[in-house]
Amino acid sequence: MKKLVIATGNRNKKKELEEILKGLRLKVLGIPDLKIHIPRVIEDGRTFRQNAIKKALTFSRYTGEIVLADDSGLKVDALGGKPGIRSSRFARAGAEDPENIAKLLRLMKNIPKGKRAASFVCVIAIARGGDLLDTVEGKCDGSIEFIPKGKRGFGYDSVFIPDGCRKTFAEMDPSRKNKISHRARALKKARSILKKHL
């Protein structure tokens, strides 16, 4: 069975990626599964694409395997696209999800219901041996709730309601989320790339 390295230490993200990639004959490995030391990648790009490429190239040089790296985040129209590439560290470096959500909701407390449009964006980069194979992007439009709802998911899932839905990602059954999320849409495109190179 072929190996695919997912350039993340986030177990929730790895689990979600594995679920969406079901059907491909792959052994999916995350950072904790690797027995080698890989230097921490500083995500200093100005776009999701730049950060995803940097992670994919770095990991592929060290592992020798095909590597899939994603950079994703939340863009809120009323905040000029913030938190954007700083989504995971919106409140501070090393912030936990509740801190980031609290800051977001604080900044949006006076923004009315019809003005709370947002989108989740995911860019995936695939590399092997230090060479970039391809990048793809997925996007899910929606809006920001006034209070967190639901216990599932991670990141901003508890305050994001996708367009056409009444529940936040965190209230949804994971199988439903994994059909419509930004990451699912990007991975659907990535599957054909992986099939070609595996």
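Read-outs: derived from the displayed coordinates by stated rules, not from any lab. Fair warning: this is a prediction, and the values are worked out from it, not measured in the lab. Please note: Cβ atoms are built from the backbone with ideal geometry, for glycine as well, and neighbour counts cover all protein chains shown.
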Neighbour-limited loop hits for trypsin sites (Lys or Arg not before Pro), segment 1-73 (at most 16 other Cβ within 10 Å; DSSP other than H, G, I, E, B):
LYS22, ARG25, LYS35, ARG40, ARG46
Would you pull out the residues with amide H under 5 Å of GLY81's amide H, same chain only if 5 or more places away, H placed 1.01 Å from N?
VAL76
Note to self, the chain gives a 222 nm [θ] from helices alone (DSSP H runs n ≥ 4, -39500 (n - 2.57) apiece, / all residues, nearest 500) of -9500 deg cm²/dmol
Mean 1/r over all different Cα pairs, inverted: what Kirkwood radius does segment 34-85 give, in Å?
12.2
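Could you list ILE101, ILE193 in order of exposure, starting from the residue whose Cβ has the fewest other Cβ atoms within 10 Å?
On the way: ILE101 23, ILE193 17.
Going from sparsest to densest Cβ surroundings: ILE193, ILE101.
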Relative contact order (percent, whole number), segment 65-175, Cα cutoff 8 Å, 6+ residue spacing:
23
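What number do you get for segment 99-161 when its Cα radius of gyration is normalised by 2.2 N^0.38 Å, N = residues? The partial results should precede the final answer.
Values: Rg = 15.7 Å, N = 63, 2.2 N^0.38 = 10.6 Å.
That works out to 1.48 for segment 99-161.
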With a cut-off of at most 13 other beta carbons within 10 Å, and DSSP calling the residue loop, which trypsin sites (Lys or Arg not before Pro) in segment 128-157 qualify? Please list them.
LYS151
For segment 138-196, just the Cα atoms, rotate onto the principal axes and tell me the three extents in Å, largest first.
43, 19, 18
Could you work out, for segment 56-157, what percent of all Cα-Cα pairs fall into each 10 Å distance bin, beginning at 0 Å and stopping at the bin that holds the largest distance?
15, 38, 28, 15, 4, 0
Taking the Cβ-Cβ separation of ARG176 and ARG25 as r and a Förster radius of 22 Å, what is the calculated FRET efficiency to the nearest 0.05?
0.30
Going fewest to most other Cβ atoms within 10 Å around each Cβ, ILE6, ILE36 line up as ILE36, ILE6
What Kirkwood radius, in Å to one decimal, follows from the Cα pairs of the chain?
17.2
Per residue of segment 118-126, in order, report the coupling 6.51 cos²θ - 1.76 cosθ + 1.60 (Karplus, θ = phi - 60°) as ³J(HN,Hα) in whole Hz, putting x for Gly and Pro.
8, 8, 8, 10, 9, 10, 10, 10, 10
Which order results if HIS197, HIS182, HIS37 are arranged by neighbouring Cβ count within 10 Å, fewest first?
HIS37, HIS197, HIS182
Potential extension, ASP77-ALA117 segment - 0.36 nm per residue separation minus Cα distance
13.8 nm
Over the chain, calculate the relative contact order: mean separation of alpha carbon pairs under 8 Å at least 6 apart, over the residue count, as a percent.
19
